[in-house]
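Any read-out appearing in this document is the output of simple, stated calculations on the displayed coordinates, not a laboratory observation. Computed from a predicted model, the values in this text were never measured in an experiment. A quick note on method: Cβ atoms are made from the backbone with ideal geometry, for glycine too, and the neighbour counts reach across all protein chains shown.
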Ligand code: NOJ
Ligand code: CA
């Protein structure tokens, strides 16, 4: 990691006679103030361009065996600091990230006998705010058994809200769009994913809002480490959200920590336009620098094929028994050949290892998978060897079926096997209710498990793509081997879920789930009607939109999931061959939450640009100024667009390919069909 400009850090103590402090963002647009109210409780408030966007809101904790830490406080001290540095992402949406903020730390102490103390550290960036609690070592509190945080976000109006329920086990829900006052998460308990626990009217984060006067706010958290995931309980009467941590049925507390410790950052991205939410680096900036060193020695961003969609459209099976086993040596080699011919660097093989006869729908799932024993028709070493001979690397698959202790016990063996074979990436999965029973996917116990996997994988030079994961909170900055994750309703729902993912799903995801980090969504299905696999379901998209997703959705690994025969002879395949997966810079050119979004990205280590634009059910015609292009350069532009008669439902595969020569300052006219999209490649050919 290279520090590009020196940190400017200035600390000075303030002698407080008044108990109110405020700081502004470096550009002056956001002001945060913190003070004590009449009960001696700490409250904070946030203003944006002079308008209050978060009214005075509570801070503090409740504990299992101790009184709440929130009232009868005095300010023991405060200090301010600022920072402006630039750091480098080893892969991702851009190479250089600016980290510029002003900081205010407030130290609070109780006024009574046996007082306890805590600090709140606020950071105010140009694109939002973050704050975290710090509980220092102290005589009257050795260990915190936290039953909840009292952290509150009080809104000043009833904003539009794009939300999924605060499910303690799954993020695989469709987004709802309602006023905050109409949020009803409990209705989502009907028709939920396999493992689902919705206990109260709460939402998961990131949750994105738009006020009537056009201010966008997205609430999330950064650096979720040794703590429970935070959902936000909605008070629909008083228009406020308050922290509700994910618990456990095995303990009466939700988080247990010895002091001293700091909580994750609670974050609010704030902007007067929706695209700026996507371009914000706030979550990454609130994580710690790289702790594991250079991952480029073993991980290169790539596109990959898989023995995967076959199982979701039910032409093959994960299990060996039954005669339709997908993961055979022969089929893997066929896919490796296809990958090598099409500029795709990886192959995922699911169902390669014994145990799939007993992975789902059983209570006794411990000890079923050992992650090292292949089925008899799959020669693991030969697949790896053949892949390497063609420049295609294997992505290992570890479905744990949420038998987490088994995985903890097997991980060293499994990673040793990968190391011996020279395999450097793994897709993990946690389908089903967590074993040990009583733990939830998003509680402190599982947060610590997911982190153990990342840390252990790093020791074996392995990159991790987790499915059914804990949400991303920007830890890829600290652990750049955490390359991608699921944590949303991915493409697979289109293969087997009634209604699939409607056209508005991804224009919503771009402004919600994607704010947290890379997504293994697996775009690129060309057989959109899923004919002849099923007449019940289809992918609710046009083919051109599938191409656009390679640019819109951020991930350093992008799958090319469809069955080989569906790509054969298809001219649009050229875009998939060409498109990059690692970026020098990215710009969100336009967009509205849940409606449409257009993103342009420049490849890393090259001069090509790519642009993707997607829409919901509404057709759109737009002009995009090519201001982002490099000056004095002519580009060969290839536009893969919905044809005039394209429609996600009636005519999804109708597209045109148009070639043009363009330069910076030109305007690109784009047509997006209902449920459609456009993908564009721009290759420099002359100065
Ligand atoms: C769920 C994952 O999301 C999916 O991609 C995978 O194929 C199955 N689990 C089996 O591991
Ligand atoms: Ca899943």
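How big is the antiparallel share of DSSP beta bridges in the chain, given as a percent to the nearest 5?
Bridges in the chain that DSSP calls antiparallel: roughly 85 percent.
Express in whole angstrom the spacing between the alpha-carbon centres of segment 217-268 and segment 48-78.
14
Would you kindly calculate the mean projected area, averaged across all directions, of the convex hull enclosing the Cα atoms of segment 488-537, in square nanometres?
Averaging across all directions leaves 3.6 nm² for the Cα convex hull.
With all pairs of different alpha carbon atoms counted, what Kirkwood hydrodynamic radius in Å does the chain show?
After inverting the mean inverse Cα-Cα distance, the result is 26.0 Å.
Whole angstrom only: what separates the Cα centroid of segment 562-622 from the Cα centroid of segment 317-363?
Each part reduced to its Cα centre gives a spacing of 28 Å.
As a test of the formula, what do you get for the chain when each DSSP H run with n ≥ 4 contributes -39,500 (n - 2.57) and the sum is divided by the residue count, at 222 nm and rounded to the nearest 500 deg cm²/dmol?
It lands at -4000 deg cm²/dmol.
Using only C-alpha positions, report the orientation-averaged shadow area of the convex hull of segment 602-664, nm², one decimal.
5.3
Taking R0 as 30 Å, what's the FRET efficiency between residue 623 and residue 531 from their Cβ-Cβ distance, rounded to 0.05?
So, using R0 = 30 Å, E works out to roughly 0.25.
So what's the angle, to the nearest 10 degrees on a 0 to 90 scale, between helix 380-389 and the longest Cα principal axis of the chain?
Orientation of helix 380-389: about 80 degrees from the principal axis.
Quick one: if you stick a label point 7 Å off each Cα along the C-beta vector at residue 419 and residue 212, how many nm between them?
The two pseudo-label positions are separated by 6.1 nm.
Helix 543-552 against the longest principal axis of the chain: what's the angle in degrees, Cα atoms only, rounded to the nearest 10?
In the chain, helix 543-552 runs at an angle near 40 degrees to the longest axis.
Give me the mean projected area, in nm² to one decimal, of the convex hull enclosing the Cα positions of segment 3-285.
Mean orientational projected area (segment 3-285, Cα hull): 16.0 nm².
Please compute the alpha carbon radius of gyration of segment 288-487, then divide it by the globular-protein estimate 2.2 N^0.38 Å. Two decimals is fine.
Its radius of gyration relative to the 2.2 N^0.38 Å reference: 0.99.
If you line up the long axis of helix 444-459 against the longest principal axis of the chain, both from Cα atoms, how many degrees apart are they, to the nearest 10?
The angle comes out at about 60 degrees.
Out of all DSSP beta bridges in segment 331-483, what portion is antiparallel? Express it as a percent rounded to 5.
In segment 331-483, DSSP labels about 5 percent of beta bridges as antiparallel.
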